[in-house]
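First comes the structure, then the notes that go with it.
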Ligand SMILES: Cc1ncc(COP(=O)(O)O)c(C=O)c1O
């Protein structure tokens, strides 16, 4: 896409998203959740307006609900490039992961086994696995982070992921500092020792086209609210893994397929929203005549290109502000548009508060990447400030954010 085409894409997004119209704040909180387009809001509204229903009925609203669920599962497979998988909906990634972990734990009987998690990750991809391992008397092993380079150190991968390993969980990219990890070798290694492989794509999916077939992961999670959608999570699980795992389930629920892992009545209006979200994403692909999968991957590539130039501009601007220290992997290590930093002599909260008063919404804290915050020595000082650049931002937004940040930082540093 040309530069002008990318600018047009951003303007299209701005017009499609009600929260961004006219004097909107600069929402730099995209890693906590993106703003929603009108088509998604309309789809949710429409689903309930014409009459909602649960599954299992032989009347139109129930049959329509069933077909909405089936169609959305198909679209989720296209979103993730998953062909031999089932899609399990749930409230959010955290609850889906806890259910998967506690179900796996039912067959974790050997205390000499271990699970491997990553120091770079959000704790939603750590605690479900290590707490259930702990219940089974199993150990947790950690893929270490290099605290100076903000990336995983994979030099000890083969020793860490050995025949005693029952599960390996890793994130596609860090929701705190944006590092995109090279997860292919980790998943390959997990599979070669027979461990269950888990990918947390919650942060990465809106920036990096994901191909679950190619990756070969057993379980992949995402949450729609990070990619223009409503608050709903999904677990995409390989059929053979789904067959093997004894998911906690109600007796009358199906024994096979996604139904054995999906708990209770789903948030159908959010499913309707997710379906519209995937169509919305696909509409930013290069070739509208291509199949859904190709439209989605090219759209996500286009989003990433929009974000890249703005992120460079933002990072360069931050580097000119006195007292700012970036928490960012060095050149050459792939990263998303999520930028974390600290400010000498000012708490992240005080800077975020001053920015909020001027209409720039920037987040602060450890973002549940608690272990990373500890390893990089920011946990004791309130974590980081974090700006998430989305494809709906333009250069004016970023310049406004930099100006406001500059003032906010001066103010916060003057205060005792
Ligand atoms: C990388 C990552 N994983 C997992 C989660 C948890 O997702 P959910 O809120 O859907 O439970 C988040 C939420 O911020 C996240 O950023």
Going highest first, how would you order 100-106, 49-55 by mean Cβ packing within 10 Å? 100-106, 49-55
Grab the Cα-Cα distance for residue 321 and residue 46, subtract it from 0.36 nm times how many residues apart they are, and report the gain in nm with one decimal. 94.3 nm
Expressed in angstrom, Rg and Dmax over the Cα atoms of region 162-245 are 12.9, 40
Projected area, mean over directions - the chain, Cα convex hull, nm²: 20.8 nm²
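Just how many % of Cα pairs in region 42-281 lie over 27 Å apart, if you round to the nearest whole percent?
In whole percent, the share of Cα-Cα pairs in region 42-281 beyond 27 Å is 34.
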Mind telling me which of 85, 203, 331 comes out most flexible in a GNM of the chain, alpha-carbon contacts under 10 Å? 331
Find the all-direction average of the projected area of the Cα convex hull for region 256-351, expressing the result in square nanometres with one decimal place. 10.9 nm²
Where does each of 246, 238 land when they are ranked from fewest to most other beta-carbon atoms within 10 angstrom? 246, 238
Taking R0 as 22 Å and r as the Cβ-Cβ distance between residue 140 and residue 240, the FRET efficiency 1/(1 + (r/R0)^6), rounded to the nearest 0.05, comes to 0.30
Kindly work out what percent of the DSSP beta bridges joining two residues of the chain are antiparallel, to the nearest 5. 60 percent
If I stretch the segment between residue 23 and residue 250 completely, what's the gain in nm (0.36 nm per residue apart, minus their alpha carbon distance), one decimal? 76.8 nm
Under 10 °C and 1.306 mPa s, how fast does region 326-416 diffuse according to Stokes-Einstein, given a Kirkwood radius computed over C-alpha pairs? Answer in µm²/s, whole number. 115 µm²/s
Pairwise centroid distance, computed over Cα atoms, of region 365-416 with region 39-82, Å: 38 Å
Relative to the present Cα-Cα distance, how much length would full extension add between residue 107 and residue 403 at 0.36 nm per residue of separation? 101.0 nm
Mean separation of Cα contacts under 8 Å (at least 6 apart) over the residue count of region 42-281, i.e. the relative contact order in percent, is 25 percent
Let's test this: bin the Cα-Cα distances of region 302-360 at 10 Å from zero up to the farthest pair and state each bin's percent. 19, 49, 29, 4
Semi-axis lengths, Å, region 17-151, gyration tensor of Cα atoms, sqrt of 5 times eigenvalues: 36, 26, 12
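To the nearest µm²/s, what D does Stokes-Einstein give for region 194-283 at 10 °C and 1.306 mPa s, using the Kirkwood radius over alpha carbon pairs as Rh?
110 µm²/s
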Theoretical ellipticity at 222 nm over the chain - DSSP helices of four or more residues, -39500 (n - 2.57) apiece, nearest 500: -13000 deg cm²/dmol
Just need the relative contact order of the chain here, percent rounded to a whole number, with Cα pairs under 8 Å and 6+ apart. 22 percent
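List 226, 357 from most exposed to least, where exposure is judged by having the fewest other Cβ atoms within 10 Å.
Least crowded to most crowded, the residues run 357, 226.
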FRET efficiency for residue 58 and residue 231 from the Cβ-Cβ distance with R0 = 35 Å, rounded to 0.05, comes out at 0.70
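No lab work stands behind these numbers, since they all come straight from the coordinates. These numbers were taken from a predicted model, which means no experiment stands behind them. With ideal geometry, Cβ positions are generated from the backbone for all residues, glycine too; neighbour counts draw on all protein chains shown.
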